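Enquirer: Could you have a look at this structure, given as structure tokens, before my questions?
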Amino acid sequence: MSLLECSSIGYRIDGIDILDGIDLQLQAGEMVGLIGPNGAGKSSLLRLLAGVEAPTRGTVDFAGRPLADWSARERARRIGYLAQDAAAHWPLSVEQIVELGRLPYQKWWLQLSTEDRDRVERALRLTETLAYRNRVVTTLSGGEQTLVMLARIFATEPELIFADEPVAALDPYHQLHVMEVLRGHAAGARAAIVVLHDLGLAARFCDRLYLLQHGRLHCSGAVGEVLTREHIAEVYGIDSRIVCDADGVSFTSLSRLADQHP
Amino acid sequence: MSAPRLRPAALYAVLLPALLLMLLLALQVGPVDIDLGQAWQDWNAGRTTVPMLILFELRLPRALLALTIGATLGLAGAALQGLLRNPLAEPGIIGVSNGAALGAVIVFYYGLAGLGWYLLPLGGLLGAMVSVAVIFLLVGRSRSVVTLILAGIAINAVGGALIALALNFAESPYAMQEIVFWLLGSVANRSVNDLYIALPFMVAGWLLMLYCGRYLNALTLGEETAVSMGFDVARMRLLLVIGVTASVGAAVSVSGNIGFVGLVVPHLMRPFVAFEPRRLLPASMVAGAILLLVADSAVQLLSATREMKLGVITSLVGAPFFLYLILKSRNTLQ
């Protein structure tokens, strides 16, 4: 049984189909990438899968049960969601941000339990943010902030992590760091889905890819099946070089194709 | 830069004794010097004496109103700043203060205030409820916080215009003066009945706002993240707005507009709770109560013949202080 599954889901706002007829399965231990040009519906799909928004057609099943049937608190404990441009509105410390990850376990009047503190500690360690736990999060670099936001999700200890373009504005070092942390999560009974613009990183870190175009699934499958010169030309309108060797699949974009505007 | 984290116990070890001290000060201050201990003994012994009457009929209701209204304004300010994620928000921003003021002005205008002591606060509460109902009609299920703020501005404008209309056509200069003085904001010459009518609404509002503390913490990372953390954004916002309306509406109904407390107090307290929205709520509540007790004692100490209105001194002191806070904190605020 898949950990997460949806068949033919759609999302329609104001009479416009943002997503239509999307099939997707996620197995335990997998890291899946959602790729596609701007406006293809990647972020919308991620929100539907994470239960942040409900599909207007079809259902998303998580652990064999429709997502809508889960209580909001239970869902929050088992599914972590990293929004695009996630940023703190108040100058909280790194540790305070990570403690927010324990909210789905807290009653409104309670302070953090020993177990909560333990999980926060572990999340800080996993994301290597322990060193700046007392710093104000808004004074950190973008890469450090993303790691802190991930630490917040790790503190919840969810089975699934959904991340919306977590590495979009980061330098190569932090891109690799964030991807390694996510990859590390997707093992055993856990899994992750990541929206990515960087096809090179998608090729390196994901087990499978879903390629979206105009709110529909163009194709899906193993990295080598999805990342082909033809698919990239059809969906992105660019020429590219894709090399499969012992290091895995590597991707380089070459030039825009005049006749294939996406 | 690191954020110092003060233990809650340490904060309240300072705040709560300060609150008690300021309450005693407020009871001591007045045009007549009375012996509080003597008044207390008279009351216990069932003797009706002048000090006992002054304490229990005049000063205690006044001090308790200052305390509860200050608590309401501090808490509501902290709750709205958390909800709107905007440090410039204050309880009046969603239109509830002007709505309540308009309701009270209508009672004055038609000369109903003299018919029963309860008509004035009731008019205020009704005004607050109507204004929040209109806001929710305007906002609907929209998720946008901007829509909420704009609706509040519109309600404020309508309320202000109608108050101006009432002043324009006031029957007599005396009626006009009565309305204006009431609008300036004061807890002087109120009775224990005013406290009785306002307190249930204020307490209900407090509980609703305090209940939403966890949500305000989650909201630090944005609405989408709060949803993913298991919160029903529309429901929590409704609870918060109802909480603010009930408590601030009741407060304004008995005191008129008392500005800047709801704006300044959360700013003052934020560093002491490490900027955490949930912990800011009770801290702002206690600090607001202290601040208004101090301000109300100050207007009585400073005024020789004619008493300065409470709302005037909070604005006089609050506005420049707010400017100072902006200058001081503009680097840390996003």
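Enquirer: Along Cα→Cβ, 7 Å out, is where each label goes; now give me the distance between the ones at B:Leu268 and B:Ala234 in nm to one decimal.
Expert: Rounded to a tenth, the inter-label distance reads 3.9 nm.
Enquirer: Which whole number gives the average count of other chain Cβ atoms within 10 Å of the Cβ atoms across peptide A:69-82?
Expert: 3
Enquirer: A further question on this structure: Which one, B:Ala250, A:Leu19, A:Cys219, is farthest towards the positive end of the dipole of the protein assembly as shown when Lys and Arg carry +1 and Asp and Glu -1 on their Cβ?
Expert: B:Ala250
Enquirer: Using DSSP to call loops (not H, G, I, E or B), can you name the trypsin sites (Lys or Arg not before Pro) in region A:73-128 whose Cβ has at most 10 other Cβ atoms within 10 angstrom?
Expert: Answer by residue number: A:Lys107.
Enquirer: Averaged over its residues, how many other protein chain Cβ atoms are within 10 Å of peptide A:47-55's Cβ atoms?
Expert: Other-chain Cβ atoms within 10 Å of each residue's Cβ, averaged: 2.
Enquirer: Among A:Pro158, B:Asn168, B:Gly37, whose Cα sits farthest toward the positive end of the charge dipole of the protein assembly as shown (+1 at Cβ of Lys/Arg, -1 at Cβ of Asp/Glu, about the Cα centre)?
Expert: Farthest towards the positive pole: B:Gly37.
Enquirer: Okay, moving on. Taking amide hydrogens as modeled 1.01 Å from N in the peptide plane, which residues meet the under 5 Å criterion relative to A:Cys219, leaving out close sequence neighbours?
Expert: Hits under the 5 Å cutoff: A:Leu211.
Enquirer: Using only DSSP helix segments of four residues or longer, with each worth -39500 (n - 2.57), what per-residue ellipticity at 222 nm results for the protein assembly as shown after dividing by its residue count and rounding to 500?
Expert: The helix-only estimate for the protein assembly as shown comes to -17500 deg cm²/dmol at 222 nm.
Enquirer: How do A:Ser220, A:Ser250, B:Ser284 line up, fewest other C-beta atoms within 10 Å first?
Expert: Arranged by neighbour count, lowest to highest, A:Ser220, A:Ser250, B:Ser284 become A:Ser250, A:Ser220, B:Ser284.
Enquirer: Also, quick follow-up: Taking the Cβ of each residue in A:Thr252, A:Thr56, B:Thr48 as the centre, tally the other Cβ atoms inside 10 Å and list the residues starting with the fewest.
Expert: Listing A:Thr252, A:Thr56, B:Thr48 from fewest to most nearby Cβ atoms yields B:Thr48, A:Thr252, A:Thr56.
Enquirer: While we're here: Taking only the alpha carbons of region B:58-328, what extent do you get along each of the three principal axes, in Å, biggest first?
Expert: Sorted largest first, the three principal extents are 57, 39, 34 Å.
Enquirer: Next question, about the same structure. Can you list the DSSP H helices in chain B whose Cα atoms extend at least 15 Å along the helix axis and whose mean Kyte-Doolittle hydropathy is -0.5 or higher?
Expert: Both cut-offs are met by B:8-28, B:60-84, B:96-109, B:119-139, B:145-168, B:173-184, B:192-211, B:233-255, B:277-302, B:310-329.
Enquirer: What's the magnitude of the charge dipole for the protein assembly as shown around its Cα centre, counting Lys and Arg as +1 and Asp and Glu as -1 at the beta-carbon? Answer in Debye, nearest 20.
Expert: Here the size comes out at about 1140 debye.
Enquirer: Right, here's the next one. Amide H to amide H, which residues 5 or more places from B:Met229 or on other chains are under 5 Å from it, using H placed in the peptide plane?
Expert: For B:Met229, whose amide H was placed from the backbone, there are no distant partners under 5 Å.
Enquirer: Let me ask you something else. What percent antiparallel are the DSSP beta bridges of the protein assembly as shown, to the nearest 5?
Expert: 65 percent
Enquirer: Moving to a separate point now. How do B:Lys328, A:Lys42 rank when sorted from fewest to most other Cβ atoms within 10 Å of their own Cβ?
Expert: B:Lys328, A:Lys42
Enquirer: From zero up to wherever the largest Cα-Cα distance of region A:182-246 sits, split into 10 Å bins and tell me the percent of pairs in each.
Expert: P(r) over region A:182-246, rounded to whole percents: 19, 54, 24, 4.
Enquirer: Separate question: Placing one identical point scatterer on every Cα of the protein assembly as shown and ignoring solvent, what is log10 I(q)/I(0) from the Debye formula at q = 0.09, 0.11, 0.13 Å⁻¹?
Expert: Here the Debye-derived log intensity ratios amount to -0.78, -1.01, -1.25.
Enquirer: Under a cut-off of 15 Å between alpha-carbon atoms, report the aspartates and glutamates in cross-link reach of B:Lys309, not counting same-chain residues fewer than 8 places apart.
Expert: Hits, sequence-local ones excluded: B:Glu178, B:Asp296.
Enquirer: Right, something else. Once the Cα atoms of helix A:172-185 and of chain A are each reduced to a long axis, what angle between those two axes, in degrees from 0 to 90 to the nearest 10, is obtained?
Expert: 70 degrees
Enquirer: A:Arg256 label point, 7 Å along Cα→Cβ, cut-off 19 Å on backbone N: hits in region A:35-72?
Expert: A:36-40
Enquirer: Take every Cα-Cα distance within chain A, group them into 10 Å bins from 0 onward, and report for each bin the whole-number percent of pairs it holds.
Expert: 7, 29, 34, 22, 7, 1, 0
Enquirer: Restricting the calculation to Cα positions, tell me the Rg (one decimal) and the Dmax (whole number) of region B:83-236 in Å.
Expert: Cα radius of gyration and Dmax of region B:83-236 are 18.0, 58 Å respectively.
Enquirer: For a quick check, take a GNM of chain B with Cα springs below 10 Å and name the residue from B:Gly152, B:Gly140, B:Gly185 with the largest mean-square fluctuation.
Expert: Result for chain B, Cα springs under 10 Å: B:Gly140 fluctuates most.
Enquirer: On to the next question. Kindly rank A:149-156, B:22-29 from highest to lowest mean number of other beta carbons found within 10 Å of each residue.
Expert: Taking the mean over residues of other Cβ atoms within 10 Å, the ranking is A:149-156, B:22-29.
Enquirer: Other chains' Cβ within 10 Å of A:91-101 residues: what's the mean?
Expert: So the per-residue partner count for this stretch is 5.
Taken together, the values in this text are just the output of simple stated rules run on the coordinates, not laboratory data. Everything numeric here is computed off the predicted structure, so don't read it as measured data. Cβ coordinates were reconstructed from backbone atoms using ideal geometry, including for glycine residues, and neighbour counts include every protein chain displayed.
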